[in-house]
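What follows is a set of notes on a single structure, which appears directly below.
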Amino acid sequence: LGPPPDSGKTRLYCENGWNDVSTYNLEELEPGHIVNGPAILFQSISTIVLEIDCVGRVTSDGDLDITVKQRKHENPVEGDADEIKEDPVRLSIYAHRFMGIAEQMGRTLARTAISVNIKERLDFSCALFTSDGGLVANAPHIPVHLGAMQSAVRFQVEYWNAQGQEGIQEGDVFVSNHPQLAGGSH
């Protein structure tokens with residue numbers, strides 16, 4: 001079979017900087033050909049970039065099977081050992097729990113409201129935010145409020161944690177409805 005026919009060389013920017021890489025025409029490759037990355041494979045309808053530590057193998061059907069090698073970092077960055085590994089099941093469970101809390105906030109607000117806009121039209125939004133005002137989860141009420149809500153929450157966090165203020169304490173509740181001062185929508 002021999003090595004895959006090289007169609008030329010070009011420069012490719014990868015995570016380690018600029019590399020001179022080989023290019024391959026997929027239509028000239030045969031089953032069993034192996035291409036090591038970094039490389040560029042092309043055909044009339046697409047281009048495939050094989051990254052560093054990737055290997056492309058042409059299957060018997062003419063498909064390209066790409067394998068990404070597991071890398072071992074030569075110079076580990078400090079804190080890599082403490083890196084958080086996402087568990088997709090746990091992530092999904094917590095995402096649904098947080099969304100459930102936001103939805104329950106909305107049901108409680110609608111049930112206890114006096115305003116017809118809130119009680120019947122459900123013209124409000126409820127969401128959970130991080131301690132610095134980043135959105136964690138929102139309930140599917142009126143999502144147009146969410147863009148301004150994040151700004152309003154960030155303003156409140158900055159305002160109440162500023163010098164001369166007591167700071168936000170566990171159990172504190174804030175209600176904001178002032179678009180010019182607090183970044184809300186209305």
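Structure data summary
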| read-out | value |
| --- | --- |
| Where ILE45 falls short, out of the listed (1) open to solvent by less than 100 Å² (accessible area, probe 1.4 Å); (2) modelled with pLDDT under 90 | (1) |
| Single residue of PHE124, PHE98 found to be assigned to a loop (DSSP other than H, G, I, E, B) and touching a residue at least 12 places away in the same chain (Cβ under 8 Å) | PHE124 |
| All positions within the stretch 147-178 that are β-branched (Val, Ile, Thr) and either within 16 Å of LEU135 (Cβ to Cβ) or open to solvent by less than 60 Å² (accessible area, probe 1.4 Å) (or both) | VAL153, VAL157 |
| Condition broken by VAL89, with the remaining ones in (1) in contact (Cβ under 8 Å) with a residue 12 or more places away in the chain; (2) open to solvent by 80 Å² or more (accessible area, probe 1.4 Å) satisfied | (1) |
| Any hit, the stretch 108-116, residues being over 22 Å from HIS178 (Cα atoms), open to solvent by less than 80 Å² (accessible area, probe 1.4 Å) and either out of contact with any strand residue (DSSP E or B) (no Cβ under 9 Å at 6 or more places or on another chain) or assigned to a helix (DSSP H, G or I) (or both) | yes |
| Residue check, THR23 surrounded by 14 or more Cβ atoms within 10 Å (Cβ to Cβ), assigned to a strand (DSSP E or B) and not aliphatic (A, V, I, L, M) | yes |
| Matching residues, the stretch 128-146, being among the hydrophobic types (A, V, I, L, M, F, W, C), open to solvent by 60 Å² or more (accessible area, probe 1.4 Å) and either touching a His at 6+ places or on another chain (Cβ under 7 Å) or modelled with pLDDT under 85 (or both) | VAL144 |
| Total residues in the stretch 12-40, condition within 17 Å of SER60 (Cα to Cα) and either of a type in the set (D, E, K, R) or free of Cβ contacts under 8 Å to residues at least 12 places away in the same chain (or both) | 3 |
| Failed condition for GLY17, given (1) open to solvent by less than 40 Å² (accessible area, probe 1.4 Å); (2) modelled with pLDDT of 90 or more; (3) of a type outside the set (Lys, Arg) | (2) |
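The values are calculated or read from the model by the stated rules, or taken from the named source; none is laboratory data. Everything quoted here is computed from the prediction, not taken from an experiment. Counting neighbours? That spans all protein chains shown, and the Cβs are built from the backbone with ideal geometry, glycine included. Quick note on the areas: whole protein, heavy atoms, side chains included, nothing else; ligands and nucleic acids left out. Shrake-Rupley method; radii C 1.70, N 1.55, O 1.52, S 1.80 Å.
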